[in-house]
Ligand code: NAD
Ligand code: MLT
């Protein structure tokens, strides 16, 4: 059954290919970025489709105000900025573009692992500040080290296979990936309690759900190798920020690379103490920020809207 889309609001900046494809298929589009909550509450009743990235929060209040809304499309992977329960209760379809930015998130993760090993960012900062600190920024090789990948889905497995090219041993955990499936991409599946004492690097690639919130915490750091390095390009909150800061301060953690934070602008400022720690490399949620990923997710979200409006179009709905 076709879902009439007479007006689609795009409330976060997405690649122009999204607007082009919607308009080409006769779907009118309004682009309004950076709206306050009140502005969004006023705007949303005029639209039956909404395209977002990560800045717009589609809360229960927004859903309640959305008297005509039929579909929310996330140009990205995580739908944690949408109140799924409220949307489902109102019969609003929520879809995403899983996979469109996986390679970009994977490549940033690999870059951050290499950065942690060789102090690239901190040494660069020091050099730009006029110092010549060769001794201070001596690093360690990745070859022969053990990388633990928590979450062996789209991104986790791509990270594992790329880091194997550095000569890293890869171990991992995922409740829905069997030992045999993991072995097919050269990851040794282990239980978390077995992983902590053997990992030199731990990278998380899970969704943020109750089971993964604070998955790496103060207590976990006491079970890890002294100086373990951790990477989070998934979601803030999977690594407990308070526990991480404590472990960095007492040397249990030898370095952290963070692309995501428990609180992020525009909603709230990030935890400065972590970002300012000398052993932290941080990026402002750049995992999906490549031209290729942004073009892919923009097209994928638009194609799914067209598929809903016109089921006989060549497109289909692929994101949950
Ligand atoms: P995915 O769904 O393909 O994989 C996630 C995996 O985590 C699944 O296989 C799932 O079984 C596993 N998992 C669930 N609970 C677990 C647990 N308790 N322990 C271990 N594993 C568990 O997702 P993906 O596309 O690989 O994305 C991974 C994460 O990266 C998501 O949080 C996503 O939102 C995030 N992401 C961030 C960026 C960024 O810009 N930084 C970009 C893309 C995706
Ligand atoms: C995602 O879940 O896809 C990421 O957070 C990427 C983003 O949209 O910035």
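Scanning region 217-224 turns up no residue that is modelled with pLDDT of 95 or more, within 16 Å of ligand 2 (Cβ to nearest atom) and crowded, with 22+ Cβ neighbours inside 10 Å. When region 30-43 is limited to residues that are in contact with a strand residue (DSSP E or B) (Cβ under 7 Å, 6 or more places away or on another chain) and farther than 20 Å from residue 304 by Cα, the one that is surrounded by the most Cβ atoms within 10 Å (Cβ to Cβ) turns out to be 43. Please verify whether region 297-306 includes one or more residues that are crowded, with 20+ Cβ neighbours inside 10 Å and without any contact (Cβ under 8 Å) to a residue 40 or more places away in the chain. Looking for residues that are crowded, with 20+ Cβ neighbours inside 10 Å and without any contact (Cβ under 8 Å) to a residue 40 or more places away in the chain, one finds none in region 297-306, hence no. With the structure loaded, tell me whether residue 113 is away from ligand 2 (no atom under 16 Å from the Cβ) and over 30 Å from residue 66 (Cβ atoms) or whether it fails that test. Yes, satisfied. All conditions in (1) closer than 30 Å to residue 30 by Cβ; (2) away from ligand 1 (no atom under 14 Å from the Cβ); (3) surrounded by 14 or more Cβ atoms within 10 Å (Cβ to Cβ) hold for residue 241, with the sole exception of (1).
Residue check, residue 158 against (1) over 20 Å from the mean Cα position of the chain (by Cα); (2) under 19 Å from residue 230 (Cα atoms); (3) surrounded by 14 or more Cβ atoms within 10 Å (Cβ to Cβ), all met but one. Which one? Failing condition for residue 158: (1). Screening residue 300 with (1) modelled with pLDDT of 95 or more; (2) in contact with a strand residue (DSSP E or B) (Cβ under 7 Å, 6 or more places away or on another chain) gives one miss only, at (2). Annotation: residue 27 fulfils all but one of (1) outside any loop (DSSP other than H, G, I, E, B); (2) surrounded by 20 or more Cβ atoms within 10 Å (Cβ to Cβ); the unmet one is (1). Among the listed residues 22, 50, which satisfies the condition of being part of a helix (DSSP H, G or I), touching a strand residue (DSSP E or B) at 6+ places or on another chain (Cβ under 6 Å) and buried (at least 22 other Cβ atoms within 10 Å of the Cβ)? Testing whether each residue is part of a helix (DSSP H, G or I), touching a strand residue (DSSP E or B) at 6+ places or on another chain (Cβ under 6 Å) and buried (at least 22 other Cβ atoms within 10 Å of the Cβ) leaves just 22. Please verify whether region 55-72 includes one or more residues that are out of contact with any strand residue (DSSP E or B) (no Cβ under 7 Å at 6 or more places or on another chain), within 16 Å of ligand 2 (Cβ to nearest atom) and assigned to a helix (DSSP H, G or I). Checked against the condition, which is being out of contact with any strand residue (DSSP E or B) (no Cβ under 7 Å at 6 or more places or on another chain), within 16 Å of ligand 2 (Cβ to nearest atom) and assigned to a helix (DSSP H, G or I), region 55-72 yields no hits at all.
The number of residues in region 143-154 being more than 16 Å from ligand 2 (Cβ to nearest atom), touching a residue at least 40 places away in the same chain (Cβ under 8 Å) and part of a loop (DSSP other than H, G, I, E, B) comes to 2.
Residues in region 85-103 that are closer than 16 Å to residue 59 by Cα and either touching a strand residue (DSSP E or B) at 6+ places or on another chain (Cβ under 6 Å) or crowded, with 19+ Cβ neighbours inside 10 Å (or both): 87, 92, 93, 94, 95.
The values are calculated or read from the model by the stated rules, or taken from the named source; none is laboratory data. Computed from a predicted model, the values in this text were never measured in an experiment. Glycine gets a Cβ as well: all are built from the backbone with ideal geometry, and neighbour counts include every protein chain shown.
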